[in-house]
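Participant: I have a structure here, written as structure tokens, and I will follow up with some questions on it.
The values are calculated or read from the model by the stated rules, or taken from the named source; none is laboratory data. Not measured: the values here are computed from a predicted model. Glycine also receives a Cβ, built like all others from the backbone with ideal geometry; neighbour counts cover every protein chain displayed. Ligands, DNA and RNA are stripped out before the accessible areas are found, and what is left, the full protein with its side chains, is counted by its heavy atoms. Shrake-Rupley method; radii C 1.70, N 1.55, O 1.52, S 1.80 Å.
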Amino acid sequence: MTKMRHRVFSVAAIGAVIGVLIGGCSSTRPPLPQAAKKVIFFLGDGMGMTTMTAARIYAVGEDGELTMDTLPETAFVKTFSNDAQVTDSAPSMSAYMTGVKMNNEVISMSADTVAIDPGPDGNDNKLANHCGTNNGRPATTLVELAKAAGLSAGVVTTTRITHATPAATYSHVCHRDLENDIAAAAVPRGAGYNNALGSTGLDVMLGGGRQFFIPAKDGGKRSDGRDLIGEMKANNYAFASNSSELDAIDGAKTERLLGLFTPSHMSYDLDRNPAKEPSLADMTAKAMDVLSRNHKGYFLMVEGGRIDHALHETSARKALQDTVAFDDAIKAALAKAKSSDPELKNTLIIVTADHDHTLVLNGYAKRTGKTAVGNPGVLGLVKNYVSGAAQKDLDGAPYSIIGFGNGEHRVQGSRASVASLDESITGASTYHHEAAIRVSAGNETHGGTDVFLGAIGHGAGTFSGTIDNTRVFDLIKNAAGL
């Protein structure tokens, strides 16, 4: 019995000594945070892995790196929706934001919600209770969880702020085309407001889509006569309608911020007038300034939305340039985040896409290097990697490196009719690349391939392997302690 007591005492003593030693070492180190105080979720709409690859070659050449390429933690994400192998943006973004698989066209609702197309009158404010009284239930979003926890929240996009991707963060509707209802969901204390956003609502909203915030008599699309911009100003939102007005706003002194820079979507980056429309990087930096006023932290969603639109048009140059602009926003956010949190111990940044497109890289093309004056790069023709001569198809005609599985431009009959195709044509911003299957203009479809996810900062290491898009919600929620 005495020996046993002595043995227990010895183990305890050793444990105490180890505890003192560990305590002595750890006392010199700050404790790791339990949760990421700041979460920035970047979404490249339609930015499949082939588009990422093409954008890298376009901007920095085959052996270069985009900012998103440097993120240390990576995963593949499955994107199918509740009712379709190939998703649209509404349920895919909603899966990220809510952890729920839902049907195509549905915005942040339960899995049993039926998407009811409002038709051409869907935004005239005359479809009272269009979705029905028993058609699903709202699914809680990460933005709503953040607001409930006392954090700030913001949404930045190059599309209409009421478009599917941003809408999935702050609204709940049975169909993505109900954009007047989606706009109303963002206006604190107004009719149709989403009360799950708390008494103050979103702290930052920056993008396009002014038409859904103003009445028809003023050139908008609201037949209810409401001026939502005026209502939001009355709720202490600073407002910006162009780049200079946004620049003039001191984010550190601004409580809430609304920026609507165009009636519909913002311009493609290739066409953007910097004096009128801020870049995605500019909007991201300003949003971070405003949201950082809250010392508890924030959740920010940033969408490069027009990547998707250019791909639907099979306009590769526009898509790749918008992907580079999206990457510039990631670079700006990383720099700003590290200025106050150098090791990102309190910050989590995620970069991903909602779905793929049908863009492909054709042939055994020689390396092109980045696109520059006199060099179309990846936008050019397939050239033999030994001889440098343009490759020919079975009809004896050259063909471009970039093509699409389906799209509006398909040569009818023999391609011998395009034997004169050259790189001044394929490299133009207005060129619609050829497709295997012909569809109507602007209606190239999404693809069903898995997408890339990259992460850095607190909790980034939990993103790995091949995961479902609904799992991303859980990982962010856990990392942020929501």
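Participant: Quick one: in the stretch 375-391, of everything that is open to solvent by less than 60 Å² (accessible area, probe 1.4 Å) and among the aliphatic types (A, V, I, L, M), which residue is nearest to residue 58 (Cα to Cα)?
Facilitator: Among those residues, the one meeting the criterion is 378.
Participant: What number goes with the only condition from (1) over 17 Å from the mean Cα position of the chain (by Cα); (2) assigned to a helix (DSSP H, G or I) that residue 435 does not pass?
Facilitator: Unmet for residue 435, out of (1) over 17 Å from the mean Cα position of the chain (by Cα); (2) assigned to a helix (DSSP H, G or I): (2).
Participant: For the stretch 230-240, how many residues are surrounded by fewer than 20 Cβ atoms within 10 Å (Cβ to Cβ) and not aromatic (Phe, Trp, Tyr)?
Facilitator: 6
Participant: Determine which single condition residue 359 fails, assuming it passes every other condition in (1) in contact with a helix residue (DSSP H, G or I) (Cβ under 8 Å, 6 or more places away or on another chain); (2) under 23 Å from residue 160 (Cα atoms).
Facilitator: (2)
Participant: Taking residue 372 as meeting all but one of (1) within 26 Å of residue 61 (Cα to Cα); (2) small (Gly, Ala, Ser); (3) in contact with a helix residue (DSSP H, G or I) (Cβ under 7 Å, 6 or more places away or on another chain); (4) open to solvent by 20 Å² or more (accessible area, probe 1.4 Å), write down the number of the exception.
Facilitator: (3)
Participant: Which numbered condition trips up residue 243, out of (1) at pLDDT 95 or above; (2) polar (S, T, N, Q); (3) more than 13 Å from residue 282 (Cβ to Cβ)?
Facilitator: With respect to (1) at pLDDT 95 or above; (2) polar (S, T, N, Q); (3) more than 13 Å from residue 282 (Cβ to Cβ), residue 243 is out only on (3).
Participant: Within the stretch 440-460, does at least one residue satisfy the condition of being in contact with a strand residue (DSSP E or B) (Cβ under 8 Å, 6 or more places away or on another chain), at pLDDT 95 or above and in a helix (DSSP H, G or I)?
Facilitator: yes
Participant: Here's something else I'd like to know. Yes or no: residue 474 surrounded by fewer than 15 Cβ atoms within 10 Å (Cβ to Cβ) and either polar (S, T, N, Q) or out of contact with any Asp or Glu (no Cβ under 8 Å at 6 or more places or on another chain) (or both)?
Facilitator: yes
Participant: How do the pairs read when you match residues in the stretch 377-394 that are in contact (Cβ under 8 Å) with a residue 60 or more places away in the chain with residues anywhere that are open to solvent by 40 Å² or more (accessible area, probe 1.4 Å), using Cβ under 6 Å and keeping only pairs 6 or more apart or on different chains?
Facilitator: 377/370; 379/317
Participant: Across the stretch 61-81, what is the total count of residues that are part of a loop (DSSP other than H, G, I, E, B) and aliphatic (A, V, I, L, M)?
Facilitator: Total satisfying the criteria: 2.
Participant: Another question, then. Being of a type in the set (Phe, Trp, Tyr), open to solvent by 40 Å² or more (accessible area, probe 1.4 Å) and under 24 Å from residue 310 (Cβ atoms) is true for just one of 399, 431. Which residue is that?
Facilitator: After applying the criteria, what remains is 399.
Participant: Could you list, ordered by first residue, the pairs with Cβ atoms under 6 Å in which the first is in the stretch 55-82 and over 13 Å from residue 353 (Cα atoms) and the second is basic (Lys, Arg) and open to solvent by less than 60 Å² (accessible area, probe 1.4 Å), at least 6 apart or interchain?
Facilitator: Qualifying pairs under 6 Å: 66/56; 82/101.
Participant: Look at the stretch 434-471 and say how many of its residues are open to solvent by less than 30 Å² (accessible area, probe 1.4 Å) and polar (S, T, N, Q).
Facilitator: 2
Participant: Residues of the stretch 48-60 being of a type outside the set (Ser, Thr, Tyr), out of contact with any Phe, Trp or Tyr (no Cβ under 7 Å at 6 or more places or on another chain) and either under 14 Å from residue 321 (Cβ atoms) or not in a loop (DSSP other than H, G, I, E, B) (or both), which ones?
Facilitator: 54, 55, 56, 57, 59, 60
Participant: Considering only strands (runs of 3 or more DSSP E) fully contained in the stretch 262-365, which possess at least 1 residues that are touching a strand residue (DSSP E or B) at 6+ places or on another chain (Cβ under 7 Å), surrounded by 24 or more Cβ atoms within 10 Å (Cβ to Cβ) and β-branched (Val, Ile, Thr)?
Facilitator: 298-304, 347-353
Participant: While we're looking at this one, here's another question. Is it true that residue 425 is crowded, with 17+ Cβ neighbours inside 10 Å and either under 28 Å from the mean Cα position of the chain (by Cα) or farther than 24 Å from residue 330 by Cβ (or both)?
Facilitator: For residue 425, the condition - crowded, with 17+ Cβ neighbours inside 10 Å and either under 28 Å from the mean Cα position of the chain (by Cα) or farther than 24 Å from residue 330 by Cβ (or both) - is not met.
Participant: Residues in the stretch 224-231: is at least one within 30 Å of residue 148 (Cβ to Cβ), of a type in the set (A, V, I, L, M, F, W, C) and free of Cβ contacts under 8 Å to residues at least 40 places away in the same chain?
Facilitator: yes
Participant: Only residues in the stretch 342-354 that are touching a residue at least 60 places away in the same chain (Cβ under 8 Å) count as the first member; pair them with residues that are surrounded by 24 or more Cβ atoms within 10 Å (Cβ to Cβ) and basic (Lys, Arg), Cβ under 8 angstrom, at least 6 apart or cross-chain, and list the lot.
Facilitator: Listed pairs, sorted by first residue: 346/38; 347/38; 348/38.
Participant: Right, something else. Return yes when residue 68 is farther than 30 Å from residue 251 by Cα, under 19 Å from the mean Cα position of the chain (by Cα) and surrounded by 19 or more Cβ atoms within 10 Å (Cβ to Cβ) and no when it is not.
Facilitator: So residue 68 fails the test.
Participant: Determine the pairs where a residue that is in a helix (DSSP H, G or I), located within the stretch 402-417, has a partner that is open to solvent by 30 Å² or more (accessible area, probe 1.4 Å) with Cβ atoms under 7 Å apart, the partner being 6 or more residues away or on another chain.
Facilitator: 415/393; 415/395; 416/395; 416/396
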